Amino acid sequence: MLDQVIVIKNIQGRANDQVVVEYSQENAIGKPDKIRFPAETALKYSIRRQLVLTESDWEIIKTEAIGLQAKIKAFALVAQRERTAFELTKALKSTKRFTFTDQMIEVAVARVEELGYLDQDKIAHHHVTRSASTLKSKRLLRHQMKGRGISDSAIETSLDNYDEMPAALMHTQKQCKVIDLNSPSPGQLDQVKQHLYRKGFQTATIELCLQTLTKSNF
């Protein structure tokens, strides 16, 4: 069976080195289909108006173009904010403009990682040291980083020098606004203890906070 013939109806330039290619099967009635190409793909294959291609050749060109779009999108995503390989893969899968295959995504993520953008140790370190993390327990930070797809070794390395005591004391101060600091009752101390436990603090940290609470009034 002979290949269908594809005719390029129009090509229009867009921003960021992109072009929109309009195409349809030969003698087809109705509006042509559209696809966004990287300009370099269009140049490589000399895509132009009235160009005639076999359907199999056109599929090869489209696949290459979409694969390149996956790489372009991957770099755009890591430029927006720091991401792990897991987060980048998830973002590429949810891209609305293109439907990337698993292989395209795998290749794109590998390329980004090859250039050093997905360093797990660095990402874990940044996660722990950013200001939003200063009120969090080790357990909560560990849970968050696991959810981002960071390896266990990178997580533990990032937490080696993390002191959760300042964060626990901050939570204790907030909780102490509702109790009598001069003579906290056993029930009130238990409230503080349970509050810190729910926040994920270690038992040793909680006990130290309670000792501090009974010796000072913040």
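Read-outs: derived from the displayed coordinates by stated rules, not from any lab. Since the structure is predicted, the reported quantities are computational estimates derived from the model, not experimental observations. Ideal geometry is used to build each Cβ from the backbone, glycine not excepted, and the neighbour counts take in all protein chains shown.
Using the empirical formula 2.2 N^0.38 Å as the baseline, the Cα radius of gyration of the range 54-204 reaches a ratio of 1.52. Across the range 1-126, the volume of the C-alpha convex hull divided among the residues equals 119 Å³ per residue. GNM on the chain, alpha-carbon springs under 10 angstrom: the most fluctuating residue among P166, P184, P38 is P184.
The residue among A70, Q144, L92 whose Cα reaches farthest toward the positive pole of the charge dipole of the chain, with charges on the beta-carbon of Lys, Arg, Asp and Glu, is Q144. Charging the Cβ of each Asp and Glu at -1 and of each Lys and Arg at +1, and nothing else, the dipole of the chain about its Cα centre rounds to 920 debye. If I take R0 = 45 Å and measure r between the Cβ atoms of I35 and R139 in this structure, what FRET efficiency does the formula 1/(1 + (r/R0)^6) give, to the nearest 0.05? Given R0 = 45 Å and the Cβ-Cβ separation, E is 0.40. Between N10 and I72, the simple label model (points 7 Å from Cα in the Cβ direction) yields a spacing of 1.9 nm.
Comparing V107, L208, T172 along the charge dipole axis of the chain, the residue lying farthest to the positive side is T172, per the Cβ-charge model.
The aspartates and glutamates whose alpha-carbon is closer than 16 Å to the alpha-carbon of K193, local same-chain residues fewer than 8 away aside, are E164, D180, E207. In a fully extended conformation the segment linking Q202 and D163 would gain 12.9 nm over its present Cα-Cα distance, using 0.36 nm per residue. Dipole check for the range 5-114: with +1 at the C-beta of Lys and Arg, -1 at the C-beta of Asp and Glu, and the Cα centre as origin, the magnitude is about 520 Debye.
A simple spin-label model places the labels of I60 and T99 2.3 nm from each other, with each point 7 Å out along Cα-to-Cβ.
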